[in-house]
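> Below are the structure tokens for one structure; questions will follow.
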Amino acid sequence: MEKVIEVRNLHKSFGSLEVLKDISFNVEKGEVLCIIGPSGSGKSTLLRCLNRLEEIQAGDIEVFSTNVTKVKNINKFREKIGMVFQLFNLFPNYTVAQNIMLAPVQLGLMNKKQADAKAVELLQKVGLEEKKDVYPETLSGGQKQRIAIARALAMNPQIMLFDEPTSALDPEMVGEVLKVMRSLADSGMTMVVVTHEMNFAREVANRVIFMADGYIVEEDSPKKLFTNPSNKRTQAFLSSVLKPLES
Amino acid sequence: MNDYFSLLLECLPSLLDGLQTTVIMAAASLVLAFVLGLILAIFSLSKIKILTVFYTVYVYIVRGIPVMIFGLFLFFGVGALLNIKFNPLLASIITLTINASAYLAEIFRGGIKAVDIGQVEAARSLGLGYFRTMALVIIPQAVKIMIPPIINQFITTLKDTSILSVISVRELTMNSQIIIARNYRPFEVYSYAAAMYLIIIIILSLFAKYIERRLQHGKSN
């Protein structure tokens, strides 16, 4: 299989606080990798290093064989990597369609007509074509996140990064977002997903990484990691998140 | 009552003359301060240390000195030092420009900072560069946040023009004093002047409300 992301001995600190400690892993083309772990374990920071929203202190990150820290045209590089955020980050000053069309048109990938057609196509894909001309403030959280996914997909990315995409949603809206993500995974998109949705990780991921305290503690197939984790830290985490009412 | 209005008619030409100077002073200062304030705000957001230090010192000094002292210092102090006689209107415009620029720069800076950092991250992650991100995403949102405090500053500067009567600019307050020196009717004349300031500022406030309402739904471009 073709490696699209390769992380080697990554270290990241905020001031004197080291949040990522010697992280190494690969992502292959078409793979869905889920990163799970307790809050503050460095999951989101790790994800943000992949498209250089965070600068790293040591190690190497290669995406499509391009070294992230040495890339000359960071904007061109980011075009290939879609990102979805916990708090959606839709642009409130643009309509839904304008949110989706903004980057492809501004960056010369499409003309307005093509981008409009693309927006319609993507909105159908996420089931929100009737929301094309409204402003984001009128949408629910789940709708906002589906639009945010459509916006990222409009750039025709080759990798999609998801930073806790359902953590800010009301429980009844989680399903609609996961459904879109699942169909995206089924279509063969390479995805790295930081999530607290254990069922999604178990059912959709090809591989799961468990992080704690800035380390990768365990990395395995979801089947193995969820049913028979080898590390005590992983066991403790899974037993607390999977049976929250019994303790 | 009849007397009140007939006196108004008598004073009106001179008061309107002063009002005109007041408005010109405020408008010229605010246009210049707007440009200067934008440049200063860019300084404050820049990564070049000397510019941010300059910005901080400038804002501290300007905010820490009363407009009246600044005007007196420039008109009499600097005038005496350089042995020149400033045009009072010019000295006033310089004073008000420098004063308002510091406040406006803070408003611009604050407005941009108030836009959620997630907006920058979303735009950058789509491949938009720094300038496109600012122009298309951040500044349109920041402008909406800035409008009320900008109008506030306009009102403040308009009222501050009256302070510059101390350097003998023939604006509304100065002209009122000249009239009173002649007719000994301070109650009437100052009430006329107050009403004139009030009317101008009410018009400005209504205009601000109108702009705010137009920007309500994000249709800022």
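> Which condition number does B:I48 fail, the rest of (1) more than 23 Å from the chain's Cα centre (by Cα); (2) surrounded by 19 or more Cβ atoms within 10 Å (Cβ to Cβ); (3) of a type in the set (V, I, T) being met?
Answer for B:I48: the failing condition is (2).
> Output the number of residues of region A:8-36 satisfying the condition of being more than 16 Å from the chain's Cα centre (by Cα) and aliphatic (A, V, I, L, M).
Looking only at that region, the number is 5.
> Quick one: how many residues across region A:184-201 are in contact with a Lys or Arg (Cβ under 8 Å, 6 or more places away or on another chain) and either more than 17 Å from A:E164 (Cβ to Cβ) or outside any helix (DSSP H, G or I) (or both)? Outline the logic, then answer.
We begin by selecting, within region A:184-201, every residue in contact with a Lys or Arg (Cβ under 8 Å, 6 or more places away or on another chain); these are A:190, A:194, A:200.
Applying the additional criterion that residues be either more than 17 Å from A:E164 (Cβ to Cβ) or outside any helix (DSSP H, G or I) (or both) yields A:190, A:194.
Qualifying residue count for the region: 2.
> Can you name the condition, by its number, that B:V115 falls short on among (1) modelled with pLDDT of 95 or more; (2) surrounded by 14 or more Cβ atoms within 10 Å (Cβ to Cβ); (3) away from every other protein chain (no Cβ under 14 Å)?
Every listed condition holds for B:V115 apart from (3).
> A further question on this structure: Please go through region A:124-176 and pick out each residue that is of a type in the set (D, E, K, R) and either closer than 26 Å to A:M198 by Cα or in contact (Cβ under 8 Å) with a residue 40 or more places away in the chain (or both). First the steps, then the outcome.
To start, the set of residues in region A:124-176 that are of a type in the set (D, E, K, R) comprises A:125, A:129-133, A:137, A:144, A:146, A:151, A:163-164, A:170, A:172, A:176.
Scanning region A:124-176 gives A:K125, A:E137, A:K144, A:R146, A:R151, A:D163, A:E164, A:D170, A:E172, A:E176.
> Please state which one of B:V166, B:V143, B:V189 is within 10 Å of chain A (Cβ to nearest Cβ) and part of a helix (DSSP H, G or I).
On the way: B:V166 fails: within 10 Å of chain A (Cβ to nearest Cβ); B:V189 fails: within 10 Å of chain A (Cβ to nearest Cβ).
So the residue among B:V166, B:V143, B:V189 that is within 10 Å of chain A (Cβ to nearest Cβ) and part of a helix (DSSP H, G or I) is B:V143.
> While we're on this one: Taking A:I209 and the conditions (1) crowded, with 21+ Cβ neighbours inside 10 Å; (2) in contact with a helix residue (DSSP H, G or I) (Cβ under 6 Å, 6 or more places away or on another chain); (3) not polar (S, T, N, Q), which numbered condition does it fall short on, given that it satisfies the others?
Going through (1) crowded, with 21+ Cβ neighbours inside 10 Å; (2) in contact with a helix residue (DSSP H, G or I) (Cβ under 6 Å, 6 or more places away or on another chain); (3) not polar (S, T, N, Q) one by one, A:I209 breaks only (2).
> Looking at (1) surrounded by fewer than 21 Cβ atoms within 10 Å (Cβ to Cβ); (2) in contact with a Gly (Cβ under 9 Å, 6 or more places away or on another chain); (3) in a strand (DSSP E or B), find the lone condition where A:E219 falls short.
Every listed condition holds for A:E219 apart from (2).
> Follow-up. Please determine, by comparing only the residues of region A:96-111 that are assigned to a loop (DSSP other than H, G, I, E, B) and more than 11 Å from chain B (Cβ to nearest Cβ), which one is surrounded by the most Cβ atoms within 10 Å (Cβ to Cβ). So that I can check it myself, show each step before the final result.
As a first pass, look at region A:96-111 and keep what is assigned to a loop (DSSP other than H, G, I, E, B): A:107-111.
Filter once more, so that each one left must be more than 11 Å from chain B (Cβ to nearest Cβ): A:110-111.
On the way: A:M110: 19, A:N111: 10.
In this case the residue turns out to be A:M110.
> On to the next question. For region B:125-140, enumerate the residues that are within 7 Å of chain A (Cβ to nearest Cβ) and of a type in the set (A, V, I, L, M, F, W, C).
Our first condition is that a residue be within 7 Å of chain A (Cβ to nearest Cβ); within region B:125-140, this holds for B:125-129, B:132, B:136-137, B:140.
Correct list: B:L126, B:L128, B:L136, B:V137.
> When you check A:E130 against the structure, is it more than 14 Å from chain B (Cβ to nearest Cβ), in a helix (DSSP H, G or I) and more than 23 Å from the chain's Cα centre (by Cα), yes or no? Steps first, please.
Working: more than 14 Å from chain B (Cβ to nearest Cβ): yes; in a helix (DSSP H, G or I): yes; more than 23 Å from the chain's Cα centre (by Cα): yes.
Considered against the rule, which asks whether it is more than 14 Å from chain B (Cβ to nearest Cβ), in a helix (DSSP H, G or I) and more than 23 Å from the chain's Cα centre (by Cα), A:E130 comes out as yes.
> From the list B:I107, B:I84, B:I94, exactly one residue is away from chain A (no Cβ under 14 Å) and either among the acidic types (D, E) or assigned to a loop (DSSP other than H, G, I, E, B) (or both). Which is it?
Details: B:I107 fails: either among the acidic types (D, E) or assigned to a loop (DSSP other than H, G, I, E, B) (or both); B:I94 fails: either among the acidic types (D, E) or assigned to a loop (DSSP other than H, G, I, E, B) (or both).
Going through B:I107, B:I84, B:I94 in turn, just one is away from chain A (no Cβ under 14 Å) and either among the acidic types (D, E) or assigned to a loop (DSSP other than H, G, I, E, B) (or both): B:I84.
> Given the criterion away from chain A (no Cβ under 14 Å) and buried (at least 22 other Cβ atoms within 10 Å of the Cβ), identify the matching residue among B:A100, B:A122.
Values: B:A122 fails: away from chain A (no Cβ under 14 Å).
Checking each option against the conditions leaves just B:A100.
> Select from region A:2-28 the residues that are among the aliphatic types (A, V, I, L, M) and more than 14 Å from A:N206 (Cβ to Cβ) and write down the one among them that is surrounded by the fewest Cβ atoms within 10 Å (Cβ to Cβ). Outline the logic, then answer.
Keep residues of region A:2-28 that are among the aliphatic types (A, V, I, L, M), which gives A:4-5, A:7, A:10, A:17, A:19-20, A:23, A:27.
After this cut, where a residue has to be more than 14 Å from A:N206 (Cβ to Cβ) as well, the list is A:7, A:10, A:17, A:19-20, A:23.
Working: A:V7: 22, A:L10: 23, A:L17: 8, A:V19: 17, A:L20: 26, A:I23: 23.
Among those that are among the aliphatic types (A, V, I, L, M) and more than 14 Å from A:N206 (Cβ to Cβ), it is A:L17.
> Another question about this same structure. For A:K72, state whether it is out of contact with any helix residue (DSSP H, G or I) (no Cβ under 7 Å at 6 or more places or on another chain) and touching a residue at least 60 places away in the same chain (Cβ under 8 Å). I'd like the intermediate steps shown before the answer.
Numbers: out of contact with any helix residue (DSSP H, G or I) (no Cβ under 7 Å at 6 or more places or on another chain): yes; touching a residue at least 60 places away in the same chain (Cβ under 8 Å): no.
Judged against the criteria, A:K72 is not a match.
The values are calculated or read from the model by the stated rules, or taken from the named source; none is laboratory data. What you see is a predicted model, and the numbers here were worked out from it, not measured in a lab. Virtual Cβ from ideal backbone geometry, glycine too; neighbours counted across all protein chains shown.
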